[in-house]
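Structure first, then comments.
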Amino acid sequence: MAVLIGCLLLTGCSKPRTIEDVEEEMRSLPATYLTAETGKEISAPSNKGVFVDEETGELCFPAYMCTNPDCPGEKQGDRPFLFIHRRMLLEAGPNGEVIYNEIPEGKDPTKYITSRGGFMNPTCPACYKKRNPDSESAAEKQKYIKWAKPYEAPEVVQRRAELEEEFQALYKPK
């Protein structure tokens, strides 16, 4: 009921929101993206995926954060170290489009991606520099994989929780 009153008072909407309305807002919440070469930060809808920044012509990827308590990456205030999981098969086209390349026939996907400087899983580049992956156990590698998480700004986390609550209220059978 508070959600409905908030909708009517704050936004002036004339009808109650539906589950579909809430889901659409969840899909379009802002996300933090970083450009591939310069690390320029961009805010765009979370459902945008990978795109080309009109200003720089660089590919933009969703930001990840490193939750390793000993991450050597540079933090910005209270915010954790941010990085991208670059998809090595993508490139920016001449007209601002994303070009999807294929792995050449007969090539091992993992070796091909790593030979181009990429990783199969999101990997913190700051932590990677201090590691020796060739001698790590599977458990140690898994620990680093788990420390890499998609980044959401605190205000987005809060709004997502509010939307989840609204969704649950709408979903309950009457």
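The values are calculated or read from the model by the stated rules, or taken from the named source; none is laboratory data. Note that the structure is a prediction, hence the values are computed from the model and not measured. With ideal geometry, Cβ positions are generated from the backbone for all residues, glycine too; neighbour counts draw on all protein chains shown.
Here are a few things to note about the model shown:
- Restricting segment 127-164 to residues that are part of a helix (DSSP H, G or I) and touching a strand residue (DSSP E or B) at 6+ places or on another chain (Cβ under 7 Å), the residue that is farthest from residue 66 (Cα to Cα): 156
- Candidates 78, 108 - the one that is acidic (Asp, Glu), without any contact (Cβ under 8 Å) to a residue 12 or more places away in the chain and within 28 Å of residue 152 (Cβ to Cβ): 78
- Taken over segment 22-75, the criterion of being buried (at least 17 other Cβ atoms within 10 Å of the Cβ) and assigned to a helix (DSSP H, G or I) is satisfied by 22, 46.
- One residue stands out in segment 4-21 among those that are outside any loop (DSSP other than H, G, I, E, B) and exposed (fewer than 10 other Cβ atoms within 10 Å of the Cβ): the one that is modelled with the highest pLDDT, namely 20.
- Against the conditions (1) at pLDDT below 95; (2) under 25 Å from residue 27 (Cα atoms), residue 105 satisfies every one except (2).
- The residue of segment 122-174 that is farthest from the chain's Cα centre (by Cα), among those that are among the polar types (S, T, N, Q) and surrounded by 12 or more Cβ atoms within 10 Å (Cβ to Cβ), is 142.
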